[in-house]
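Here's the structure, in structure tokens; my notes come after.
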Amino acid sequence: MQRSISFLRHIALAEAVSYLILLGIAMPLKYLAGQPLAVKITGMIHGILFVVFCVALLRAMLEAHWPFRRCALIFIASFIPLVPFFLDRKLKQWEVATP
């Protein structure tokens, strides 16, 4: 069970970084510098990471027997930039508390 939560933590951070790169670098390159390729590449990477994140969240929920509300809040938090970095501390506590 701890492995699934650990994997969730790592993929959540990778997904959060890809989201920030998409919003902070790729989008300005597309709209300010006329380079849409940055959004295509970064968007695809972010999309793949988001799907993996969703699967990892489902796996952690099922294996650790987390309540649906906790998983819903983690899912919603993934849409807000920077929140997953703060949520990582709580995920780490839940990881340690899981037998």
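The values are calculated or read from the model by the stated rules, or taken from the named source; none is laboratory data. In this text the structure is predicted, and so the values were computed from the model without any measurement. With ideal geometry, Cβ positions are generated from the backbone for all residues, glycine too; neighbour counts draw on all protein chains shown. Please note that ligands, DNA and RNA were not included when accessible areas were found on the heavy atoms of the full protein model with its side chains. Shrake-Rupley method; radii C 1.70, N 1.55, O 1.52, S 1.80 Å.
If you go through the stretch 1-20 and pick out every residue that is within 13 Å of the chain's Cα centre (by Cα), touching a residue at least 24 places away in the same chain (Cβ under 8 Å) and either closer than 10 Å to Glu95 by Cβ or open to solvent by 70 Å² or more (accessible area, probe 1.4 Å) (or both), you end up with 5. Restricting the stretch 71-81 to residues that are open to solvent by 40 Å² or more (accessible area, probe 1.4 Å) and either without any contact (Cβ under 8 Å) to a residue 12 or more places away in the chain or of a type in the set (A, V, I, L, M, F, W, C) (or both), which is nearest to Leu8 (Cα to Cα)? The selected residue is Phe75.
When restricted to residues that are over 14 Å from His10 (Cβ atoms) and touching a helix residue (DSSP H, G or I) at 6+ places or on another chain (Cβ under 6 Å), the stretch 82-99 contains 2. Could you tell me whether the stretch 55-62 includes any residue that is surrounded by 13 or more Cβ atoms within 10 Å (Cβ to Cβ), of a type in the set (Lys, Arg) and either modelled with pLDDT of 95 or more or touching a Phe, Trp or Tyr at 6+ places or on another chain (Cβ under 9 Å) (or both)? Yes, that holds for at least one residue.
Of the residues making up the stretch 32-42, at least one is touching a residue at least 24 places away in the same chain (Cβ under 8 Å) and either of a type in the set (Asp, Glu) or surrounded by 13 or more Cβ atoms within 10 Å (Cβ to Cβ) (or both).
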